[in-house]
Structures are given as structure tokens and as C-alpha cells.
Amino acid sequence: MPRITYCSLIIAGLLLPMSKVNAENSFEDIRFVTGLSFGFSTFSFPEKLDHDISFPSTNLALVATQDRWQLSLNGGFTLEDATISEEEDIGKASRSDIDLTLAYQATKQWAFFAGYKSGKTKMRFVERDIEDEDEVEYVNESYSQKGPFIGGSYSWQFESAGRLSISLAYAYLNATNNFAANTDDDEEEGEDEEELEFDDLTGRVEGDITGLSYGVAWTMPLSSNLLFQTRLKLNDYQQDIKFEGTRFKDIDENFTTLHVGLAYVF
């Protein structure tokens with residue numbers, strides 16, 4: 001079953017009970033929340049990149065709640081491009097993420113959610129030791145992921161210290177990688193061909209991504225409408241790619257964010 005269909009079925013199944021809500025009262029009971037947070041993000045792709053990429057980032061959240069249901073739209077973006085260094089090249093990198101999540105508060109402690117997410121890391125390289133600026137040639141590379149996820153969370157409510165939550169989610173995503181050619185590939189003519197390695201892949205390479213997301217969040221009310229929030233989230237994924245008859249399994253790809261911010265309840 002196509003993944004977008006799978007995601008649609010999950011969300012449709014969760015939305016079905018909401019259709020029973022009295023139409024006259026449905027909009028009167030909805031509360032809206034908007035939040036803005038800032039922090040740092042780190043992207044790791046060791047099979048392709050020599051080092052982790054870190055950059056300052058922000059997250060904007062728009063949330064609608066009704067009874068036990070919550071629908072949220074989250075967008076994450078880098079505030080400043082990160083400087084990267086890869087063998088013979090140097091360059092800049094940026095990251096963007098967006099997800100739509102539908103959650104149901106089953107009990108005071110337990111909540112369950114499902115949704116669809118999309119993320120992309122973009123890079124722009126140039127040769128490190130180029131002497132003539134007129135000969136500069138930029139090389140672009142990107143790694144994107146999109147697809148459905150499902151998970152749950154457990155919360156502890158503290159009378160004077162707010163709420164602490166932990167979450168776990170499973171993601172089943174499509175990967176689209178646009179790999180640039182290695183600038184240091186100077187294999188001599190006639191030399192025996194070596195076994196294809198993941199770092200040698202070039203062009204558009206697609207595959208599957210599966211993995212887990214771990215989250216820890218703390219929310220503390222500052223007033224009747226204003227909330228303080230901090231959140232740590234780790235996406236730990238593995239890619240499975242087939243390329244020209246060779247299969248590459250369990251290629252690690254990690255994305256970590258730590259954000260602190262405020263939310264306002266309308």
C-alpha cells in the first residue's frame with residue numbers, strides 16, 4: 001500500500017470519532033495555541049558526511065484542540081546556514097522540516113498520535129583551493145525524507161512544576177537523495193574497479209527509511225494563557241537503498257533538536 005494512502009487511513013481512522021461531535025458546538029469548544037521556540041539542531045549522515053552539521057534553528061507550531069483531540073502543524077527552519085567541510089570541498093548547509101500531527105488524549109497520562117512529515121537537508125559545495133573566482137562552480141546536494149509516522153506519549157503532571165512528557169514514534173518514510181559526484185575521484189584509467197561503496201553513489205538515489213523518534217518535553221504555565229516550553233527530540237533512522245544491483249542496508253541518518261520557547265493559548 002502506498003505510504004501516503006497508509007497515512008491517510010491512519011488520520012481518517014482517528015478523525016472518524018470526531019465526526020460524531022454535535023455540529024452546533026464543534027467550533028465553540030475549539031481552542032487554539034501558537035508557539036515559537038529557538039535552539040539548535042544537529043544532522044548526522046556518517047556514510048556521506050565527514051562530520052555532523054549543527055545550526056541554530058527555530059520551530060513554529062499552530063495547534064487546535066477540542067475535548068481529547070489535538071491537531072498540530074509544526075514547521076522547523078534553520079536561522080543561519082552551517083559551514084561544512086568535506087575533503088576537497090567547503091560549503092553551506094540548511095535544513096527545513098514540517099509535520100502535521102493528530103493526537104488523542106486517551107487518559108491523563110497516555111496520548112496517541114499519527115501524522116505525516118517531510119524534511120530536507122540542502123548543501124552547496126565549492127572546491128576548497130580554487131584560485132580563480134571566475135572559475136567557481138557550485139555543486140548542490142540534498143537529502144529529503146517524507147512519509148507517515150505513529151506513536152504515543154506518557155506525561156507526569158506536577159502541581160507547581162508543570163508537565164513532563166516522553167514520547168516514542170515509529171516512522172516509515174521515502175528517501176530521495178541527490179548526491180553530487182566526488183571531486184577527488186581521480187581513478188586512473190585501466191585501474192581495476194573497486195567494489196561500489198555508498199560514498200560513491202551519485203545522482204538521484206531513492207530508498208526507504210525506517211526508524212524511531214524519541215522526545216522529552218517540559219511545559220510550565222506562566223499565566224492563564226502563556227506557557228513556557230522546552231523540548232529535546234532525536235530522530236534515529238536507517239536507510240535501505242538499492243542501486244545498480246547493490247543493496248545498502250542500515251545506513252544511519254540522525255537529526256536532533258533542542259528548543260526552548262513560549263506558547264500562547266487563545
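The values are calculated or read from the model by the stated rules, or taken from the named source; none is laboratory data. If you're wondering where the values come from, they're calculated on a predicted model, not measured in any experiment. Please note: Cβ atoms are built from the backbone with ideal geometry, for glycine as well, and neighbour counts cover all protein chains shown.
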**Study point:** Number of positions in the stretch 86-101 that are among the hydrophobic types (A, V, I, L, M, F, W, C) and either modelled with pLDDT under 95 or loosely packed, with under 15 Cβ neighbours inside 10 Å (or both)
**Key:** 1
Exercise for review: Go through the residues of the stretch 187-198 one by one and say whether even a single one is farther than 15 Å from residue 239 by Cα, outside any loop (DSSP other than H, G, I, E, B) and at pLDDT 85 or above.
Suggested key: no
Revision key, fill the gap. The number of residues in the stretch 102-150 that are within 20 Å of residue 66 (Cα to Cα) and of a type in the set (Gly, Ala, Ser) is 5
Check your understanding: Cβ-Cβ below 6 Å, separation at least six or inter-chain, first residue in the stretch 93-106 and within 19 Å of residue 123 (Cβ to Cβ), second not in a strand (DSSP E or B): which pairs?
Key -> 94/81
Review point. With respect to the numbered conditions (1) surrounded by fewer than 20 Cβ atoms within 10 Å (Cβ to Cβ); (2) among the hydrophobic types (A, V, I, L, M, F, W, C); (3) within 30 Å of residue 265 (Cα to Cα); (4) free of Cβ contacts under 8 Å to residues at least 60 places away in the same chain, which one is the sole condition not fulfilled by residue 36?
Key: (4)
Point to revise | Subset tally (residues that are surrounded by 14 or more Cβ atoms within 10 Å (Cβ to Cβ) and in contact (Cβ under 8 Å) with a residue 24 or more places away in the chain) for the stretch 65-85 | key: 13
Check your understanding: So which of 169, 180 ends up being farther than 18 Å from residue 212 by Cα, of a type in the set (Gly, Ala, Ser) and in contact with a strand residue (DSSP E or B) (Cβ under 9 Å, 6 or more places away or on another chain)?
Key -> 180
Check your understanding: Out of the residues in the stretch 88-117 that are among the hydroxyl-bearing types (Ser, Thr, Tyr) and either part of a strand (DSSP E or B) or within 12 Å of the chain's Cα centre (by Cα) (or both), which is farthest from residue 54 (Cα to Cα)?
Key -> 104
Point to revise | Out of 143, 104, sole residue that is closer than 19 Å to residue 256 by Cα and at pLDDT 95 or above | key: 143
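For (1) touching a residue at least 12 places away in the same chain (Cβ under 8 Å); (2) under 30 Å from residue 164 (Cβ atoms); (3) of a type outside the set (A, V, I, L, M); (4) part of a strand (DSSP E or B), each residue gets a yes or a no:
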{"residue": "220", "(1), (2), (3), (4)": "yes, yes, no, yes"}
{"residue": "233", "(1), (2), (3), (4)": "yes, yes, yes, yes"}
{"residue": "239", "(1), (2), (3), (4)": "yes, no, yes, yes"}
{"residue": "250", "(1), (2), (3), (4)": "yes, no, yes, yes"}
{"residue": "261", "(1), (2), (3), (4)": "yes, yes, yes, yes"}
